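Derivation of every value follows stated rules applied to the coordinates shown; laboratory data play no part. Everything numeric here is computed off the predicted structure, so don't read it as measured data. We place every Cβ from the backbone using ideal geometry, glycine too, and count neighbours over all the protein chains shown.
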Amino acid sequence: MKYDEALKIINEDINSGYMVAFEWKKGCMLHSDYFPDKHAGEKLIETEEEAWALAKKFADKTKGKVVNVYVVYENFIPVKNYKDRYIKNR
């Protein structure tokens, strides 16, 4: 690979959307999940703010069933400063 090709890959903005990540409470265990399901071909959420708004609505409707709700990039890495905004939902 040429150096210029490597730099293009390194500097490329690969973010094509956002997802909401969370964990289902199943007895004493937690099961990770997220939406939308990018592996099933669902369209990702366009903006981070829209993702946080959906995360809040989802957390409100699932209080006690899911915990640790937060927003991730399309590559499953949490967004910057997610720890300041994540929803414990306990």
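Loop-resident GluC sites (Glu not before Pro) (DSSP state other than H, G, I, E or B) in region 1-69 with no more than 13 further Cβ atoms inside 10 Å of their Cβ: Glu12, Glu42, Glu46.
Which entries in the list Lys38/Lys65; Lys38/Lys61; Lys43/Lys80; Lys8/Lys57; Lys63/Lys83 go over 30 Å, if you measure between the two C-alpha atoms of each? Don't skip to the answer; put the middle values down first.
Numbers: Lys38/Lys65 23 Å; Lys38/Lys61 22 Å; Lys43/Lys80 22 Å; Lys8/Lys57 38 Å; Lys63/Lys83 19 Å.
Lys8/Lys57, as the Cα separations exceed 30 Å there.
Place +1 on the Cβ of every Lys and Arg and -1 on the Cβ of every Asp and Glu in the chain, take the dipole about the Cα centre, and give the residue among Pro78, Met29, Ala59 whose Cα lies farthest towards its positive end. Checking the options against the dipole of the chain, the answer is Met29.
Simple point charges give the picture: +1 on the Cβ of Lys and Arg, -1 on the Cβ of Asp and Glu, and for the chain a dipole about the Cα centre of about 740 debye.
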